[in-house]
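Just below is one structure, and these are the notes that go with it.
The values are calculated or read from the model by the stated rules, or taken from the named source; none is laboratory data. This structure is a prediction, so every number in the text was calculated from the model and none was measured. Here the Cβ positions follow ideal geometry from the backbone for every residue, glycine too, while neighbour counts run over all protein chains shown.
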Amino acid sequence: DYVSNVAKSWLLIVQQTEQLSKIMKTHAEDLNAGPLHRLTVMIKDKQQIKKSYVGVHQQIEAEMFKVTKTELEKLKSSYRQLIKEVNSAKEKYKEALSKGKETEKAKDRYDKATMKLHMLHNQYVLALKGAQLHQHQYYDATLPLFLESLQKMQEEMIKGLKGILEEYSQITSLVTEELVNVHKEIQISVEQLDPGSEYSSFIETHR
């Protein structure tokens with residue numbers, strides 16, 4: 001039985017369209033199971049890293065502030081208070097000497113207050129030195145190491161992202177061998193159509 005080229009072309013195009021649909025469906029499934037899934041996981045990981053970074057950075061900053069500001073301010077405040085106590089004890093001691101009453105008791109109170117002031121002064125000097133060392137440690141070692149670690153994590157993440165996007169590019173490519181073959185088959189079936197000769201055999205048969 002005679003089958004026209006139009007019918008053949010239509011049949012081939014329908015078959016290749018079905019094949020194309022199957023390929024695209026497979027690509028969509030591969031896309032969801034592969035790069036899109038990995039991209040979702042990576043976004044969550046990046047959010048977690050950012051959260052951890054902010055937490056650690058705040059902790060380091062808080063420790064830095066505590067050592068270089070808060071503790072020193074407390075010691076300063078205590079030092080000022082003790083100076084007042086020493087001055088008060090000194091005045092009372094002078095008063096006791098002038099009156100000749102309870103001089104030993106007043107002297108003892110004055111000596112103790114003076115001793116406490118000297119001890120607190122030494123403590124403040126040590127705390128100040130400690131704060132300076134902590135500050136140097138923070139800027140020379142802690143912060144650079146922290147930022148270097150963060151940079152390495154970011155570089156690894158970009159490396160992973162590049163791999164995901166390369167896979168995405170391959171899956172969504174319209175020039176893969178299977179798609180090119182389908183396109184070729186469709187192109188051939190179209191080129192086979194010849195309006196001038198399509199019905200010549202039919203006419204010859206029924207002439």
Candidate set from region 1-24 (those that are loosely packed, with under 12 Cβ neighbours inside 10 Å, of a type outside the set (Asp, Glu) and not in a helix (DSSP H, G or I)); member that is modelled with the lowest pLDDT: TYR2
Scanning region 84-125 residue by residue, those acidic (Asp, Glu), in a helix (DSSP H, G or I) and farther than 22 Å from GLU71 by Cα turn out to be GLU91, GLU95, GLU104, ASP108, ASP111
Count - residues of region 1-34 that are in contact (Cβ under 8 Å) with a residue 40 or more places away in the chain and within 19 Å of SER169 (Cα to Cα): 6
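Give the number of residues within region 35-56 that are of a type in the set (Lys, Arg) and without any contact (Cβ under 8 Å) to a residue 12 or more places away in the chain. Show your work before the answer.
First, pick out the residues of region 35-56 that are of a type in the set (Lys, Arg): 38, 44, 46, 50-51.
If we keep only those that are without any contact (Cβ under 8 Å) to a residue 12 or more places away in the chain as well, we get 44, 50-51.
So the answer is 3.
Regarding region 155-175, can at least one residue be identified that is at pLDDT below 90, loosely packed, with under 15 Cβ neighbours inside 10 Å and among the hydrophobic types (A, V, I, L, M, F, W, C)?
Taking every residue of region 155-175 in turn, at least one turns out to be at pLDDT below 90, loosely packed, with under 15 Cβ neighbours inside 10 Å and among the hydrophobic types (A, V, I, L, M, F, W, C).
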Would region 29-44 turn up any residue that is assigned to a helix (DSSP H, G or I), within 30 Å of GLN135 (Cα to Cα), under 12 Å from the mean Cα position of the chain (by Cα) and among the charged types (D, E, K, R)? no
Please count how many residues of region 25-82 are surrounded by 13 or more Cβ atoms within 10 Å (Cβ to Cβ) and farther than 30 Å from TYR139 by Cβ. 11
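Give ALA89, ALA127, ALA131, ALA141 a once-over and let me know the one that is closer than 22 Å to VAL56 by Cα, of a type in the set (A, V, I, L, M, F, W, C) and surrounded by 15 or more Cβ atoms within 10 Å (Cβ to Cβ).
On inspection, the qualifying residue turns out to be ALA131.
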